[in-house]
1. State yes or no: is Gln322 part of a helix (DSSP H, G or I), at pLDDT below 75 and more than 25 Å from Leu56 (Cβ to Cβ)?
2. I'd like the full set of residues that are of a type outside the set (S, T, N, Q) and not in a loop (DSSP other than H, G, I, E, B), limited to region 57-92.
3. State which residue pairs qualify: first residue more than 12 Å from Ile292 (Cα to Cα) and among the small types (Gly, Ala, Ser) and inside region 306-329, second residue modelled with pLDDT under 80 and in a helix (DSSP H, G or I) in any location, beta carbons under 8 Å apart, and separation of 6 or more residues or different chains.
4. Please state which of the following conditions Gly69 fails to meet, knowing it meets all the rest: (1) closer than 23 Å to Lys291 by Cβ; (2) buried (at least 18 other Cβ atoms within 10 Å of the Cβ); (3) modelled with pLDDT of 85 or more; (4) over 17 Å from the mean Cα position of the chain (by Cα).
5. Please tell me if Lys107 is more than 30 Å from Ser158 (Cα to Cα) and in a strand (DSSP E or B).
6. State whether the residues of region 79-90 include one that is exposed (fewer than 14 other Cβ atoms within 10 Å of the Cβ), more than 23 Å from Ile182 (Cα to Cα) and among the basic types (Lys, Arg).
7. Being modelled with pLDDT of 75 or more and either surrounded by fewer than 19 Cβ atoms within 10 Å (Cβ to Cβ) or not aromatic (Phe, Trp, Tyr) (or both): is that true of Gln189 here?
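The values are calculated or read from the model by the stated rules, or taken from the named source; none is laboratory data. Since we're looking at a predicted model, the values are computed, not measured. Neighbour counts are summed over all protein chains in view; Cβ atoms, including those assigned to glycine, are modelled from backbone coordinates with ideal geometry.
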Amino acid sequence: MIKRITVFLLALMLLPTLSAFASSDSKISADMEYIVLSPGNDGSTLVTDMVSFKNLTDEEYKGDGQTEGVLNILLPVGATSFSMMDGKIQYKLTDTGFITTDPIPAKGSTTLPFSYQVKQGQDIVLKFTYPVDLYQVLIPEGSGSVDIKDAEFTNQGSLNFDEQNYTGYSIQNIKAGQTVTIAYDKDKQPTGTNATGTGTTSTENKNLGDVTKSAPAFHNPGHLRMWAQSPLHKFNPHILMIVLGAILLAGIGYYSYFKLKNRAKNEANGVDKEEQVFKQLMAKQKAILDKIIELEDNLGNGQMTEDEYKTKLEAYKQHLVQVKLSLRQFVE
């Protein structure tokens, strides 16, 4: 399964996403958060999360001044095996989750990629410190489905790349302080697509029309109509998939790598060297993704031409290819 996902992610490198998280502090901007659920070998649920915060002010952001740390992230009760997937991020675990300690530069951003596990059969109860415009749940095909409680959600259907499908679920306009419960069942597969969590088919999805079966996957007219009417339509779909691919590969890589590390306790020196290489690669990947997001901002603000944007984006994608190829050794 991991090999199939890895091949899929390598195909995603030349496609593209943009993820973020809405903050209750008006100085911090966000739109979207991604979470990927998959079953662990021991029956537990592996949760991989990526969220990006942007400082909208001309001053360094050091927090709201009322709580400790810069950003305060809550984890579900019972979460274990927490891992921050970027070794450069300074953080501190708390009784309820973790806080970051590095200030966010003026007009800068910080991306938090992290993972954790919950016990088999345990609901994932999420309490949000910050409001979230769009919360996206992704599950590899054949790895189960979810039931989302305390919030209205939409089953967005299947994304198909290199013969591997992913089912997406989305929740819109989560408020600060709101609790959302996700019941993940690895053995229960989705029964349908484009349905809302209230058990009724959304009006928008009814009007999408027939999908042209002969057209290429993802780019056929039906998919384009669904994209145009989905909550994601304001994002560049190809940039979106670059970051999404990084989220999935990072989560799979960390899970596989640290299971290997636990089996190799008696080879401490070798493991330490491998861990250092792995973290360096992850840091490089994050730096490239940050540059890609910065390119999008600069193009949108008119600070560069379309030709300059395409040239730099292609260079970053080629660099990202090399980093991802190096990361493959940790997930195969």
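1. So Gln322 passes the test.
2. Residues satisfying the conditions are Tyr61, Ile73, Leu74, Phe82, Met84, Tyr91, Lys92.
3. Ser326/Leu281
4. The single condition Gly69 does not satisfy is (1).
5. Numbers: more than 30 Å from Ser158 (Cα to Cα): yes; in a strand (DSSP E or B): no.
Criteria not met by Lys107.
6. Checked region 79-90: at least one residue is exposed (fewer than 14 other Cβ atoms within 10 Å of the Cβ), more than 23 Å from Ile182 (Cα to Cα) and among the basic types (Lys, Arg).
7. The answer is yes for Gln189.
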